[in-house]
Amino acid sequence: MPIAMVTGPSSGIGRAVTHQLADLGFHVIAAGRSSQRVGAVVDEVVAAGGSAESLLLDLASLESAREAARAFEASGRALDVLVNNAAVGVARGATADGFELQFGVNHLGHFMLTHHLRRTFRPGTRIVQVSSNVHYRATGIDFDRVTRPTRSLTGVEEYATSKLANVLFSRHMGQLQPDWRLFAVHPGLVDTGLFPALTRPFLRRRMLTPDQGADTVVWCATDPGLADSSGGYYANRAERALSRAALDGELAAELWDRSERWCGVAPVN
């Protein structure tokens, strides 16, 4: 049975992806910070005839991300799909390691998790980054700003930066590791609770359900037609153009190098 790991599985897109992958015959590792909420999703999957288990993971802590990866590696199993889905949106604060919260969770925690899972990947393993078309709003990354708990008036600037980082990570890792398949996905405007309450009445008519938002994520994770693709950005089951910043190879390399230093990990050859 193929194995997939999904971060942020207890609600929204992550919950939908967990169920859809289980329905497709995957054993799903549901990785989240609330054992109670993640356990409830695992119970739902099993009750529906699927296969799943929970894994404790708090992406706001680099140590937790490292330990979660090590716990899975210790099981001796290989990972066929990793869906880096969990995210915080327009939130204020800092991670346990002092990084701006959205950048720290949405990018850096996943960077740490993915790095320490790499020994469980096999040729053809797919790593799907749930990004957003909000990444088009970011023209670059202020590397000083992401290392402290600052926030713009709305928080959208920080969210856009973190989503740009997701795309840059996916493209650069795809170049460094040609045996693996990397995808960044815009799931659409999904009603996941990430948006401020004041904006929700204006967005509601445009919002997709979590199941609809999960569609392209699961497609990138499983479609045989994408077996030779890597490093692209997708929405509505089609590859999309990237922003100028997302195409900046020097920015991608700098983000990668800094992320390795911040996470205290050895460079990947």
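The values are calculated or read from the model by the stated rules, or taken from the named source; none is laboratory data. Small disclaimer: the values here were computed from a predicted structure and weren't measured. Cβ sites come from the backbone with ideal geometry, for glycine too, and all protein chains shown count toward neighbours.
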I'd like to check something: does the range 246-262 contain any residue that is touching a helix residue (DSSP H, G or I) at 6+ places or on another chain (Cβ under 8 Å), surrounded by 19 or more Cβ atoms within 10 Å (Cβ to Cβ), farther than 20 Å from THR147 by Cα and not charged (D, E, K, R)?
yes
Across the range 220-245, what is the number of residues that are at pLDDT below 95, surrounded by 14 or more Cβ atoms within 10 Å (Cβ to Cβ) and of a type in the set (A, V, I, L, M)?
1
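I'd like the full set of residues that are in contact (Cβ under 8 Å) with a residue 40 or more places away in the chain and closer than 25 Å to GLU100 by Cα, limited to the range 32-57.
Once the filter is applied, which keeps residues that are in contact (Cβ under 8 Å) with a residue 40 or more places away in the chain and closer than 25 Å to GLU100 by Cα, the range 32-57 yields GLY32, LEU55, LEU57.
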Does the range 120-145 hold any residues that are more than 14 Å from LEU164 (Cα to Cα), modelled with pLDDT of 95 or more and not hydrophobic (A, V, I, L, M, F, W, C), and which are they?
THR120, ARG122, PRO123, GLY124, THR125, ARG126
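Going through SER170, SER162 one at a time, which residue ends up being at pLDDT 95 or above, touching a Gly at 6+ places or on another chain (Cβ under 9 Å) and either among the acidic types (Asp, Glu) or over 23 Å from ASP80 (Cβ atoms) (or both)?
SER162 is the lone residue from the list that is at pLDDT 95 or above, touching a Gly at 6+ places or on another chain (Cβ under 9 Å) and either among the acidic types (Asp, Glu) or over 23 Å from ASP80 (Cβ atoms) (or both).
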Kindly indicate whether any position in the range 83-93 is in contact with an Asp or Glu (Cβ under 9 Å, 6 or more places away or on another chain), β-branched (Val, Ile, Thr) and either buried (at least 18 other Cβ atoms within 10 Å of the Cβ) or over 16 Å from VAL17 (Cβ atoms) (or both).
yes
Every residue in the range 173-195 that is acidic (Asp, Glu) and at pLDDT 95 or above, please.
ASP179
Take the range 35-59 and flag every residue that is of a type outside the set (Asp, Glu) and touching a Lys or Arg at 6+ places or on another chain (Cβ under 8 Å).
VAL41, LEU56, LEU57, LEU59
Go through the residues of the range 180-191 one by one and say whether even a single one is over 22 Å from LEU82 (Cβ atoms) and not aliphatic (A, V, I, L, M).
yes
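Matching residues to (1) of a type in the set (S, T, N, Q); (2) touching a residue at least 40 places away in the same chain (Cβ under 8 Å); (3) touching a Gly at 6+ places or on another chain (Cβ under 7 Å):
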{"site": "GLY225", "(1), (2), (3)": "no, no, no"}
{"site": "SER229", "(1), (2), (3)": "yes, yes, no"}
{"site": "ARG237", "(1), (2), (3)": "no, no, no"}
{"site": "SER259", "(1), (2), (3)": "yes, yes, no"}
{"site": "TRP262", "(1), (2), (3)": "no, yes, no"}
